[in-house]
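Undergrad: Here it is, the structure, as structure tokens.
Please treat every number below as a calculation from the coordinates, not as lab data. What you see is a predicted model; the values in this text were computed from it and never measured. For neighbour counting, all protein chains shown are included, and Cβ atoms are generated from backbone atoms with ideal geometry for every residue, glycine included.
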Amino acid sequence: MRNIIMKDKTLVTAALPYANGKPHVGHIAGAYLPADTYVRFLRLMGKDAVFVCGSDENGAPITFSAIKEGVTPQDIVDRYHAVLSESFKGLGIDFDYYGRTHCEKHNGISQEFFTTLHDKGHVVKRSSEQVYCTECNMFLPDRYIEGNCPHPDCKKPGARGDQCESCGRPVDATKLEDPVCMVCKQSGREGKGCIEVRETTHWYLRLDAFEKDLRAYLDLHPEWRESVKRFSYGLLDQGLRERCVTRDLDWGIPVPLEEAEGKVLYVWFDAPIGYITFTRQYLESLGKEEEWKDYWYNQDNGLVHFIGKDNTVFHAVMFPGMMMAHGDYRMPDTVVSNEFLNLEGDKISTSRNYAVWVNEYLEAFSPDPLRYYLTAIAPENSDSDFSWQGFQNRNNGELADNLGNFIQRNLAFCNKYFEGKVPPAENISDAGKELLEEIEKTRTELAELFDGHRYRDALERIMLLSRKGNEFFSAEEPWKSRKDDMAKCGATIYTCMMVIEALSVFMSPILPFSAAKLRECLNIPALSAGDWNTDAVLKSGHTINTPEVLFPKIDDAMIEEQVAKLTPKAKAE
RNA sequence: GCCGAGGUAGCUCAGUCGGUGAGAGCGAUGGAUUCAUAACCCAUAGGUCGGCGGUUCAAGUCCGCCCCUCGGUACCA
């Protein structure tokens with residue numbers, strides 16, 4: 001048996017979604033759903049958990065979207081902040097606080113963070129040459145310049161300022177041939193067009209100074225997912241470099257230095273600080289001004305970050321490096337990182353509009369089937385694939401036919417032949433006793449799986465219990481015993497009811513809506529903190545309510561409708 | 001190019017420190033049954049474990065080379 005590693009008090013964060021697009025199933029599977037599941041689990045275990053997140057509203061792409069649409073950056077972030085909040089809410093991703101980084105409080109905390117690093121000498125000034133667009137009147141991120149590859153043996157078009165798409169090699173943005181600004185789509189070099197090279201000044205975080213400490217920190221966490229460790233050690237082995245933490249932009253958090261007029265903090269510098277900001281805002285809203293320190297200063301408590309793999313470098317190396325450099329804060333315990341979710345075999349792409357958007361999903365279906373499916377195919381160890389066919393199969397074959405039907409056949413049987421009263425807990429057969437023991441085995445193993453962030457396995461374990469319930473029910477044949485041996489029949493149904501109550505607890509972190517509905521059908525109280533280990537409240541003689549179908553089947557037409565929404569654009573590429 | 005991950009039954013994937021006849025779910029086929037959302041239960045299916053070579057008494061499981069897919073490559077977030 002492994003050791004349970006959760007703490008009595010834990011701060012859980014989910015990667016801040018960038019407020020420049022709607023959330024899709026990939027985002028949900030990557031960070032938000034596992035984080036929400038974990039928080040629900042912690043609370044069932046009677047632990048204190050605070051769950052924060054918020055929209056990431058700074059950065060260059062938001063500015064560019066605003067330019068493209070002819071609106072202000074504020075318009076962009078307002079729009080997406082609203083969609084993001086609603087989507088999370090609709091799926092039952094239940095943050096204690098969902099904030100936004102474009103606010104005074106966050107500016108102040110981020111600037112204080114920067115100032116501390118600057119005063120300690122961990123941030124240094126450097127000058128460099130960057131590409132500037134005179135049409136847009138701004139410096140361009142390397143990614144936003146396209147041209148011909150400067151490598152003599154390649155020369156192919158479509159190379160970006162950071163990397164050539166054709167030969168895959170890194171590119172020096174200032175050396176791209178025939179560069180085009182991807183914001184205004186204009187081109188031409190010095191004098192003859194809008195693209196020119198200008199000198200600029202920026203501030204760099206001396207990550208290299210913390211290389212040894214970061215390695216020691218990683219060494220303390222053998223329990224992290226393999227992919228995160230391999231990636232992080234890989235970076236350390238290459239040697240950490242200074243990392244630029246400011247940008248030439250007018251949208252963002254001003255760099256708190258007189259000589260840094262017109263510069264803002266790099267969005268990835270302030271985004272993780274958002275976790276601190278949101279924790280403070282949440283606890284202040286509860287009138288507990290000082291309590292955030294429990295989570296950010298006290299290493300005895302838990303701090304767990306949930307992210308997608310694209311965020312690994314920031315959460316496993318850069319943010320910990322920032323925390324070390326600052327000095328006041330505790331270090332994160334765990335970074336739970338997921339791989340990517342593909343869609344019908346192809347990459348999900350916001351820019352190509354190739355995705356299953358959460359808000360559109362919710363117009364057609366209830367949240368739990370998606371939570372179920374995304375957990376079942378969670379990209380925990382490697383990329384996985386979302387397919388509508390798979391969604392339908394899992395929903396109909398597993399949720400409805402296995403779990404739903406097990407519940408349904410028992411509640412219906414109980415109503416029909418026992419007047420809705422839980423039968424006496426007598427004459428339990430050996431197989432029945434074995435099944436009751438299986439409940440406890442599941443309880444123990446499941447806690448370890450949730451605690452170890454193995455949600456996919458956890459769900460499988462839950463379904464195994466349901467399957468065993470079905471096997472038991474069929475083997476006992478209560479439809480026969482009800483005619484000549486009501487004692488045996490009652491024992492069968494009683495045993496199954498115990499399984500069902502346990503399932504209502506076990507499934508609740510993943511399927512919160514259905515778990516609540518099930519407990520209503522059972523006519524027992526809603527779950528509350530610490531109920532994971534509470535004794536069964538379902539007793540002999542207790543009257544249940546009329547059952548309702550928990551997991552309706554999804555018919556082909558509904559799936560075809562979704563597939564149709566997807567295909568034209570996917571093929572249009 | 002460099003670094004990393006992956007290529008296991010029709011499909012989706014498990015396979016811990018190398019060792020009982022290589023597994024699960026779905027699908028397919030046959031059987032049983034009627035409490036239930038035509039659901040459930042039982043049985044069966046023989047896949048050169050990407051290719052070649054090597055180490056070993058023994059290799060999906062270790063080593064080398066090769067092929068294919070996918071990420072990262074630090075100014076997209």
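Undergrad: Whole angstrom only: what separates the Cα centroid of segment A:227-295 from the Cα centroid of segment A:312-345?
TA: If we compute the Cα centre of each part, the gap is 12 Å.
Undergrad: Specify whether the C-alpha gyration tensor of segment A:152-301 places it in the rounded, prolate or oblate class, a ≥ b ≥ c being the square roots of the eigenvalues: rounded for a/c under 1.5, otherwise prolate if a/b is larger than b/c and oblate if not.
TA: Oblate is the answer for segment A:152-301, as a/c is 1.5 or above yet b/c matches or exceeds a/b.
Undergrad: Among DSSP bridges having both ends in segment A:276-388, what percentage is antiparallel? Round to the nearest 5.
TA: 25
Undergrad: Same structure, new question: With the dipole of chain A worked out from charges on the C-beta (+1 for Lys and Arg, -1 for Asp and Glu) around the Cα centre, which of A:Leu464, A:Ala316, A:Trp251 lies farthest toward the positive end?
TA: A:Leu464
Undergrad: Measuring from label point to label point, each 7 Å out along Cα→Cβ, what is the A:Asp178 to A:Lys480 span in nm?
TA: Output for this residue pair reads 8.1 nm.
Undergrad: About the Cα centre of segment A:378-458, how large is the charge dipole given +1 on each Lys and Arg Cβ and -1 on each Asp and Glu Cβ? Please answer in debye to the nearest 20.
TA: That gives segment A:378-458 a dipole magnitude of about 440 debye.
Undergrad: Give me the number: length gained by fully extending A:Ser528 to A:Glu434, i.e. 0.36 nm times residue separation minus the C-alpha to C-alpha distance, one decimal in nm.
TA: Going from the current span to full extension adds 31.0 nm.
Undergrad: Taking the mean number of other Cβ atoms within 10 Å as a proxy for protection, how do you rank A:428-435, A:145-152 from highest to lowest?
TA: In descending order of packing, they fall as A:145-152, A:428-435.
Undergrad: Which of the peptides A:368-375, A:396-403 is most tightly packed, and how do the rest follow, going by the mean number of other Cβ atoms within 10 Å of each residue?
TA: A:368-375, A:396-403
Undergrad: Per the helix-only calculation at 222 nm, which mean residue ellipticity applies to chain A, given -39500 (n - 2.57) for every DSSP H run of n ≥ 4 and division by its residues, nearest 500 deg cm²/dmol?
TA: -13500 deg cm²/dmol, from helical runs alone.
Undergrad: Let a ≥ b ≥ c be the square roots of the eigenvalues of the Cα gyration tensor of segment A:366-449; is it rounded (a/c under 1.5), or, if not, prolate (a/b larger than b/c) or oblate?
TA: Since a/c reaches 1.5 but b/c is at least a/b, the shape of segment A:366-449 is classed as oblate.
Undergrad: Which distance in nm do the two modelled labels at A:Glu548 and A:Glu259 give, with both placed 7 Å along the Cα-to-Cβ direction?
TA: 6.7
Undergrad: Next question. Could you give the dipole magnitude of segment A:210-327 about its Cα centre, charging the beta-carbon of Lys and Arg +1 and that of Asp and Glu -1, in debye to the nearest 20?
TA: The dipole magnitude comes to about 480 debye.
Undergrad: Quickly work out the A:Ala216-to-A:Val71 label distance, labels modelled 7 Å from Cα along the C-beta direction, and quote it in nm with one decimal.
TA: 5.0
Undergrad: Tell me, in nm to one decimal, what length is gained between A:Asp328 and A:Glu242 on full extension, where the rule is 0.36 nm per residue of separation less the Cα-Cα distance?
TA: My answer for the length gained is 28.8 nm.
Undergrad: Using only Cα atoms, tell me the angle between helix A:556-572 and the longest principal axis of chain A; keep it within 0 to 90° and round to the nearest 10.
TA: Approximately 10 degrees, to the nearest 10.
Undergrad: Now a separate question. Relative to the longest principal axis of the C-alpha atoms of chain A, give the angle of the C-alpha long axis of helix A:367-376, reported between 0 and 90° and rounded to the nearest 10°.
TA: That works out to roughly 80 degrees.
Undergrad: Only four residue types carry charge here, +1 at the Cβ of Lys and Arg and -1 at the Cβ of Asp and Glu. Report the dipole size of chain A about the Cα centre in Debye, rounded to the nearest 20.
TA: 480
Undergrad: Also: Which is farthest toward the positive dipole end of chain A among A:Ile554, A:Val335, A:Tyr361, measuring Cα position about the Cα centre, with Cβ charges +1 (Lys, Arg) and -1 (Asp, Glu)?
TA: Looking along the dipole axis, the top candidate is A:Ile554.
Undergrad: With a 10 Å radius around each residue's Cβ, average the other Cβ atoms per peptide and rank A:203-215, A:84-96, A:344-356, highest first.
TA: Ranked by mean Cβ neighbours within 10 Å, highest first: A:84-96, A:203-215, A:344-356.
Undergrad: Could you compute the FRET efficiency for A:Val197 and A:Lys125, with r as their C-beta to C-beta distance and R0 at 22 Å, rounded to 0.05?
TA: 0.65
Undergrad: How long is the gain from A:Asn415 to A:Asp310 if the chain were fully straight, where each residue apart is worth 0.36 nm and the alpha carbon distance is subtracted?
TA: Going from the current span to full extension adds 32.7 nm.
Undergrad: Just need log10 I(q)/I(0) for chain A at q = 0.09 Å⁻¹, Debye formula, equal scatterers on the alpha-carbon atoms, no solvent, rounded to two decimals.
TA: Cα-only, vacuum Debye calculation for chain A: -0.77.
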